[in-house]
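Each remark here refers to the structure printed beneath this line.
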Amino acid sequence: MNQDQAIALYESVADITGKMLSAARNSDWEGLCTLESDCASQVRMLERVESAATAENTKKGVLSTDLTDATRLRKRTLIEQILADDREIRHLTESWMAQLSILSNRSRVERQLSMAYGSHQAT
């Protein structure tokens with residue numbers, strides 16, 4: 001794996017997580033799900049590339065990757081951005097899930113009350 005390939009994959013993941021955050025902020029849950037699938041695909045590819053690089057370095061007896069200081073800093077910055085986006089996405093989705101839970105429970109209670117007491121209307 002060369003430096004450019006690794007950085008390109010990290011940039012792709014960062015771009016997708018940025019779009020995911022935008023979708024979550026706009027309550028675009030379907031868009032978020034689609035982007036999440038795209039992100040997972042990129043992460044799997046990144047894992048394969050990083051794993052292959054580690055195996056190659058081990059075979060050569062090299063302890064670290066071939067990243068320059070500038071590339072290592074760029075990689076770190078991208079990872080920090082990805083993690084920050086992920087934290088905010090989780091916060092937004094957890095709030096949404098809590099609202100759904102409240103609505104679901106309210107609906108369940110209303111159904112139970114309706115079944116228990118029927119829908120008697122005054123005549």
Single residue of Arg72, Arg90, Arg111 found to be assigned to a helix (DSSP H, G or I), at pLDDT 70 or above and more than 30 Å from Tyr10 (Cα to Cα): Arg111
Counted residues, region 9-30 - those being without any contact (Cβ under 8 Å) to a residue 12 or more places away in the chain and surrounded by 13 or more Cβ atoms within 10 Å (Cβ to Cβ): 3
Subset of region 67-104 [of a type outside the set (Gly, Ala, Ser), surrounded by fewer than 13 Cβ atoms within 10 Å (Cβ to Cβ) and over 22 Å from Met20 (Cβ atoms)]: Thr68, Asp69, Leu73, Ile102, Leu103
Qualifying residue in region 32-46 (condition: surrounded by 14 or more Cβ atoms within 10 Å (Cβ to Cβ), in contact (Cβ under 8 Å) with a residue 60 or more places away in the chain and in a helix (DSSP H, G or I)): yes
Members of region 24-50 found to be closer than 16 Å to Ala84 by Cβ and among the hydrophobic types (A, V, I, L, M, F, W, C), listed by number: Ala24, Cys39
Filter pass, Lys59 being surrounded by 14 or more Cβ atoms within 10 Å (Cβ to Cβ) and in a helix (DSSP H, G or I): no
Residues of region 22-46 satisfying the condition of being touching a Leu at 6+ places or on another chain (Cβ under 8 Å) and among the aliphatic types (A, V, I, L, M): Ala23, Ala24, Met45, Leu46
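The values are calculated or read from the model by the stated rules, or taken from the named source; none is laboratory data. Model, not experiment: these values are computed from the prediction. Every residue, glycine as well, gets a Cβ built from its backbone with ideal geometry; the counts of neighbours run over all protein chains shown.
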